[in-house]
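So the structure is just underneath, and the comments pick up after that.
Every read-out reported here was derived from the displayed coordinates using simple, explicitly stated rules and does not represent laboratory data. Note that this is a predicted model, so its numbers are computed, not measured. Because the Cβ atoms are built from the backbone with ideal geometry, glycine has one as well, and the counts that use them run over all protein chains shown.
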Amino acid sequence: MSYKNQQDPDSYLIQKEPYYLSTGNEISMFEAAFHEKLPVMMKGPTGCGKTRFVEYMSYALNRPLITVACHEDLFASDLLGRYLLERDETIWNDGPLTRAVRVGAICYLDEIVEARKDTTVVIHPLTDARRTLSIDKKGEIINAHPDFMMVISYNPGYQSVLKDLKQSTRQRFISIEFDYPEAEKEAKIVSHEGGIEMETAFRLVSLAGKIRNIREHGLTEGASTRLLIYAAQMMRRGISANEACRSAICLPLTDDDQLQETLNDLIEDIF
């Protein structure tokens, strides 16, 4: 029985500075949490920049970033690791959480509420004064690297009785709240990331604002900054504004014919 070394932290470093525009005090909050070894919970709607922010902070702090996209079939062993048979030898392979704990990486659990409740319990000892990780299958307790940081995110708009964070988990984190940027900053982001001129970016942001204002009429989510960037990229490639917005914004948001008609009218008004 042996151990497979997967602990090269350089392979998890962000090599190029991600483009990120601050919308408040989130950078100083994150830096303070990192230096005080506090876990961070990010709350905000889909596509508002939470993942980009974590990537930016990983680069700014020069810490490796290990990201896990949570889902309902995520088991504790997927985070911790498991024994595998290789060439007639049983070898232990660290999971992403264990690797992060060993090398002092930022471990980012994206959309934590999608994970099984019995899976998220394994992070509890890492999010209090103990800062330890227990691997029962190996009989090992790992003290977290001094630079290890736990970060989770979720979208409050998707909360339900079945998909919500337990108080026993919530109260282990400081929270940073995210929302879509103000119009001018969002236009700068869309222009930069989508490769289009500011005038068109402002029109896309204006469209998003109108769509976000009709959420109470049946839309479960407003148009995200991510979708605006997708539309901009399509337009950059010669797709008409109407077709780009319909394909990248309207169709992903809803299948309802009446809502689609409303969204199409908004596009016609703006473009």
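So how do 199-212, 64-77 stack up, highest first, on mean other-Cβ count within 10 Å?
199-212, 64-77
Using amide H atoms built 1.01 Å from N in the peptide plane, name the residues 5+ places from residue 42, or on other chains, whose amide H lies under 5 Å from its own.
When sequence neighbours closer than 5 places are left aside, the close amide H contacts are 152, 153, 154, 176.
Just for the chain, what percent of DSSP beta bridges are antiparallel, to the closest 5?
If we restrict to bridges inside the chain, about 35 percent are antiparallel.
Arranged by the count of other C-beta atoms within 10 angstrom, fewest first, what order do 166, 37 take?
Fewest-to-most ranking of 166, 37: 166, 37.
With charges only on Cβ, +1 for K and R and -1 for D and E, what is the dipole size of the range 41-119 about its Cα centre, in debye, rounded to 20?
440
Helix-only estimate, please: 222 nm mean residue ellipticity of the chain, summing -39500 (n - 2.57) across DSSP H runs of length 4 or more and dividing by its residues, to the nearest 500.
The helix contribution divided over the chain gives -10500 deg cm²/dmol.
Considering only DSSP beta bridges whose two residues both sit in the range 17-152, what percent are antiparallel, to the nearest 5?
50
When the chain is treated as a GNM, springs tying every alpha-carbon pair under 10 Å, which of 47, 195, 139 comes out with the largest mean-square fluctuation?
The residue that fluctuates most here is 139.
A 21 angstrom limit on the alpha carbon distance is what I want to check against. Which of 188/210; 50/188; 137/166; 37/138; 16/43; 43/166 exceed it?
Going by Cα-Cα distance, 137/166; 37/138; 16/43 fall outside the 21 Å limit.
Can you work out ³J(HN,Hα) from phi for every residue in the range 130-136, in order, using Karplus 6.51 cos²θ - 1.76 cosθ + 1.60 and θ = phi - 60°, giving whole Hz and x for Gly and Pro?
So the J values, rounded to whole Hz, are 5, 6, 10, 10, 9, 10, 4.
Using the Cα centre as the reference, give the magnitude of the dipole from point charges on the C-beta atoms of the chain (Lys, Arg: +1; Asp, Glu: -1; all else neutral), rounded to the nearest 20 debye.
Once rounded to the nearest 20, the dipole reads 880 debye.
Short version: ³J(HN,Hα) in whole Hz for each residue of the range 113-118, in order, from phi by Karplus 6.51 cos²θ - 1.76 cosθ + 1.60 (θ = phi - 60°), x for Gly and Pro, what are they?
5, 6, 7, 5, 4, 6
In the range 2-177, with Lys and Arg counted as +1 and Asp and Glu as -1 at Cβ, which of these residues, 12, 141, 61, has the Cα nearest the positive end of the dipole, that is, farthest along it?
141
What is the magnitude of the charge dipole of the range 91-229 about its Cα centre, with +1 placed on the Cβ of each Lys and Arg, -1 on the Cβ of each Asp and Glu, and no other charges, expressed in debye to the nearest 20?
The calculation lands at about 500 debye.
Non-local amide H neighbours of residue 81 (under 5 Å, H modeled in plane, Pro and chain starts lacking H): which ones?
95
With 10 angstrom as the radius, rank 56, 20 by how many other C-beta atoms surround their C-beta, starting from the fewest.
The fewest-first ordering by Cβ neighbours comes to 20, 56.
Give the residue from 174, 191, 125 lying farthest towards the positive end of the charge dipole for the range 123-208; charges sit on Cβ (+1 for Lys and Arg, -1 for Asp and Glu) and the dipole is referred to the Cα centre.
Going by the Cα projections, it comes out as 125.
What residue among 38, 25, 155 has its Cα farthest toward the positive end of the dipole of the chain, where the charges are +1 on Lys, Arg and -1 on Asp, Glu, each on the Cβ?
Going by the charge dipole, the pick is 38.
How do 19, 154 rank when sorted from fewest to most other Cβ atoms within 10 Å of their own Cβ?
19, 154
Using a Förster radius of 22 Å, what is the FRET efficiency between residue 177 and residue 31 based on their Cβ-Cβ separation? Nearest 0.05, please.
That pair, residue 177 with residue 31, gives E of 0.85.
In whole percent, what relative contact order does the range 183-270 give with Cα contacts below 8 Å and a gap of six or more residues?
Contact order relative to length: 28 percent.
Short version: ³J(HN,Hα) in whole Hz for each residue of the range 196-209, in order, from phi by Karplus 6.51 cos²θ - 1.76 cosθ + 1.60 (θ = phi - 60°), x for Gly and Pro, what are they?
Calculated HN-Hα couplings, in order: 10, 6, 4, 4, 5, 4, 5, 5, 4, 5, 4, 4, 4, x Hz.
On full extension of the chain, what length is gained from residue 192 through residue 254, given 0.36 nm per residue of separation minus the C-alpha to C-alpha distance?
19.6 nm
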